[in-house]
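The values are calculated or read from the model by the stated rules, or taken from the named source; none is laboratory data. None of these values were measured; they are calculated from a predicted model. In this analysis, Cβ positions are derived from the backbone assuming ideal geometry, glycine residues included, and neighbour counts consider all displayed protein chains. Just the protein is used for accessible areas: all its heavy atoms, side chains included, with ligands, DNA and RNA removed. Shrake-Rupley method; radii C 1.70, N 1.55, O 1.52, S 1.80 Å.
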Number of protein chains: 2
Amino acid sequence: MDNFEWGPALRVGQAKAHKTLTEETLARLRRDIVSGEFEAGQKVKSEDLKKRYQVGTSPIREALFQLVSEGLVRSDGQRGFRVAELRQEELLDITDWRARLECEALRRAIATGDMEWEARVVAAFHRLTRVEGESGLDPKDAADLWEDHHRSFHFALYSACGSPWLLRFCELLIQHGERYRRAYISYPRISSSITAEHKAIMDAAMAREGDRAADLLERHIRHAADLALAHATRRPALGTSLAKKRRVGGMESEQVLKSRAPAKR
Amino acid sequence: MDNFEWGPALRVGQAKAHKTLTEETLARLRRDIVSGEFEAGQKVKSEDLKKRYQVGTSPIREALFQLVSEGLVRSDGQRGFRVAELRQEELLDITDWRARLECEALRRAIATGDMEWEARVVAAFHRLTRVEGESGLDPKDAADLWEDHHRSFHFALYSACGSPWLLRFCELLIQHGERYRRAYISYPRISSSITAEHKAIMDAAMAREGDRAADLLERHIRHAADLALAHATRRPALGTSLAKKRRVGGMESEQVLKSRAPAKR
DNA sequence: AAGTGTCAAATTTTCGAAATTTACGCGAAC
DNA sequence: GTTCGCGTAAATTTCGAAAATTTGACACTT
């Protein structure tokens with residue numbers, strides 16, 4: 001509990017109530033970018049954001065600048081902001097480093113984690129499985145909820161790694177990884193195999209079997225990325241190198257592209 | 001040439017002229033924090049910064065928020081900003097990751113770097129050695145100048161690693177490492193042994209001997225950190241609780257609180 | 001056609017002041 | 001002597017509008 005100095009970014013559950021408008025806006029904006037509410041490469045006009053989040057110029061810009069530093073947003077000279085593009089290349093990079101760093105973090109946590117860490121992991125896993133059964137929610141909300149808890153579960157696993165910097169790097173990579181996954185796979189179906197993977201990782205961690213846990217985790221990470229890549233190549237339109245985000249008139253693109261409209265309320 | 005999407009942070013030389021006030025303020029503020037112009041843990045009042053940098057509220061706050069994300073500044077709820085503290089523990093963490101990640105980056109660059117990369121490295125080294133001979137400057141300015149080129153040299157070495165994320169992580173770590181070094185060693189004397197280390201690393205890299213280069217680089221990084229730690233324990237005032245970090249024996253005590261005065265225009 | 005220059009609209013950046021919130025001092029009560 | 005309240009001062013956050021910059025269109029020339 002002394003290694004959490006950083007990033008209110010990924011906290012969920014009894015998250016500290018966001019106190020300033022900037023913090024709140026940051027969290028919302030980040031969520032909306034990661035969840036694909038904004039398209040990759042899209043220009044974000046502060047005027048739009050002001051209307052969307054009902055705040056003034058300052059909180060918007062302050063939040064945007066933090067996201068620039070996190071790599072989710074890019075700021076072009078005096079020409080405003082854009083959502084970061086998606087490139088398959090980058091997904092590979094992210095996946096490699098996730099595998100490297102998260103496995104290392106998990107090993108360290110397993111080596112040194114105490115009972116409190118175990119409790120955090122078990123609790124996070126429990127919440128994750130609970131949330132998977134949740135019904136009666138708008139699909140988008142359900143996805144958001146699941147992703148929140150998914151992130152929390154992973155983060156809990158690493159939370160006892162003892163290295164704030166490692167934790168921070170994992171935090172960034174997880175976030176970006178999630179964005180790729182959600183962009184490429186319009187809806188993350190919560191297959192039971194994923195759940196099984198999580199359980200296996202947790203079991204290995206609780207049994208303090210570092211090698212096995214790391215191995216399972218690496219598979220888990222690569223599996224997710226492979227799945228995303230498979231979808232990506234199937235419908236190559238997303239964001240990247242295709243200059244114009246021209247909606248190709250095919251039937252397949254109809255349903256998958258342009259997955260969701262901005263915040264229906 | 002395609003891996004530099006991130007961070008105007010560490011560019012030097014023909015850096016793109018900072019266009020917005022926010023960017024310029026960010027660069028200046030970062031430099032002043034890293035160089036120790038602001039003390040660790042010190043509260044930074046936006047009013048003071050406005051006067052110091054002669055800009056309005058927005059650029060100040062926008063810059064501060066980016067630094068929060070980089071870990072150089074912390075934002076306490078609605079209670080303003082503080083310069084991040086220094087902890088010997090964290091220096092160890094940073095050093096470990098620098099050794100790991102920078103060596104990896106160097107290996108990759110050596111494996112795949114092209115002639116342009118070689119040219120960048122050689123040029124950066126040349127500038128660094130040139131700057132070391134520079135005389136007739138205010139010591140602080142000389143230090144700033146040297147550090148700029150030192151950073152550039154390291155960054156050039158890794159620039160061909162092919163992984164934007166790795167590069168970004170190195171960028172962050174180098175920055176923080178520099179802050180620790182400069183905080184602990186009030187004035188970095190440019191010993192000829194440091195220069196020799198740089199030359200050895202460069203030679204190994206140009207000879208495409210990855211193992212040797214990585215080994216030298218790791219020594220270089222750890223050497224710098226050890227030096228800093230030695231100074232740190234000699235005058236324990238800096239930052240926070242000295243905790244119980246051993247690492248380097250030496251006489252403690254000898255209170256030389258307060259290494260340098262803030263600001264000074 | 002292609003290039004150029006100008007002007008207006010749109011957008012971003014920046015400022016300064018209002019609105020909130022926190023910090024501090026001082027007296028009263030226990 | 002300490003703790004609690006309360007009111008004022010100081011600082012931070014937030015807003016909205018002014019200033020500066022970019023974008024796009026249109027006419028004009030080559």
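Quick notes on this structure:
- Cβ-vector label at 7 Å, residue B:226, separations to other copies in nm: 4.4
- Shape call, region A:64-136: gyration tensor on alpha carbons, a/c limit 1.5: prolate
- Overall form of region B:162-235 per C-alpha gyration tensor (a/c, 1.5; a/b vs b/c): oblate
- Interchain or long-range residues, amide H under 5 Å from residue A:85's placed H: A:41
- For region B:44-59, backbone phi angles converted through the Karplus equation (6.51, -1.76, 1.60; θ = phi - 60°) give residue-by-residue couplings of 10, 8, 4, 4, 4, 5, 4, 5, 4, 9, 6, 9, x, 5, 4, x Hz, Gly and Pro being listed as x.
- Label-zone membership for region B:64-98, site residue B:20, 7 angstrom Cα→C-beta point, backbone N under 18 Å: B:64-70
- For the pair B and A, the buried accessible area comes to roughly 3300 Å² in total, with a 1.4 Å probe and the value rounded to the nearest 100.
- With label points set 7 Å from Cα along Cα→Cβ, the inter-copy distances at residue B:199 are 6.4 nm, sorted shortest first.
- For region B:102-188, the solvent-accessible area of protein heavy atoms averages 35 Å² per residue (probe radius 1.4 Å; ligands and nucleic acids excluded).
- Region B:88-234: C-alpha gyration tensor shape, a/c 1.5 cut-off, then a/b vs b/c: oblate
- Average beta carbon contacts from partner chains per residue of B:63-73, 10 Å cutoff: 5
- Peptide-level mean, for B:53-62, of C-beta atoms on other protein chains within 10 Å: 2
- Taken per residue, the accessible surface of region B:19-83 reaches 42 Å², heavy atoms only and a 1.4 Å probe.
- Radius ratio Rg over Rh of region A:17-83, counting only Cα atoms, Kirkwood formula for Rh: 0.92
- Label point 7 Å beyond Cα along the C-beta direction, distances from residue A:116 to other copies (nm, shortest first): 5.0
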